[in-house]
């Protein structure tokens, strides 16, 4: 399968614990996006990378969140000291180019539940 | 702030019915509109990218139209099948180089056999 993959698919953690998610984009896609979807809402932008450079972070991304994309391939999203409000579906997408018409291809998401 | 609205929020139809959904957006600063289908436990699947006023795209029984002057896009499904049950989302890239997608809340479609 050459699509976008995300691991784990589900994560249950206790409040205060750290969690890390991984996204493997389609190879050769130089753009990688992270979005978050909470119940009843559409996905919301968190951050994006152009190759290995993180170019923008949403105000939704507090200091407890950090994302990396070493070597411009896979990406990780870490949440430190998780809170119940972090419970959401975390989606990763990749695209080849940067035009408005460029399709973003999505992974299946990681569903996080913070108890 | 780009505000994307979708209606209806949910829809229940019988197998064989045709149906349509609406995505509304501000007509100024339009760049493109993306339609996605998201089935439970799967990845959101890209359906169409609409760019020009009057665009019509078709994929099997699903088609979409675009009116950038009045700020709306319609998605049509002809002869709905149970496998069409999913949430249909539209998204528009915002201004700027980041091309982050601004999403509607989606239309949840359930097709009863």
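None of the figures in this text is laboratory data; all of them are computed from the coordinates on show. Because the structure is predicted, anything quoted here is derived from the model rather than measured. Neighbour counts are summed over all protein chains in view; Cβ atoms, including those assigned to glycine, are modelled from backbone coordinates with ideal geometry.
Compute the separation of the alpha-carbon centres of segment B:21-37 and segment A:1-61 and state it in Å as a whole number. Using only Cα atoms, the two centres lie 23 Å from each other.
Ranked by the mean number of other Cβ atoms within 10 Å per residue, highest first, peptides B:84-96, A:59-71 order as B:84-96, A:59-71.
With r defined as the distance between the Cβ atoms of residue B:69 and residue B:14 and R0 fixed at 45 Å, what FRET efficiency is calculated, to the nearest 0.05?
Working: r = 35 Å, r/R0 = 0.77.
Calculated transfer efficiency: 0.85.
Contact order for chain A, expressed relative to its length and based on alpha carbon pairs under 8 Å spaced 6+ residues apart, stands at 37 percent. Computed over the alpha-carbon pairs of chain A, the distance histogram in 10 Å steps reads 15, 50, 30, 5, 0 percent, short to long.
Mind checking the mean number of beta-carbon atoms from other chains within 10 Å of the Cβ atoms in A:97-107?
Numbers: counts 1, 4, 6, 13, 9, 5, 7, 9, 4, 7, 2.
Across A:97-107, the average partner-chain Cβ count within 10 Å equals 6.
The Cα trace of segment B:1-81 gives Rg and Dmax of 13.1, 39 Å, the first to one decimal, the second as a whole number.
For the pair residue A:54 and residue B:56, a Förster radius of 41 Å applied to the C-beta separation gives a FRET efficiency near 0.60, rounded to the nearest 0.05.
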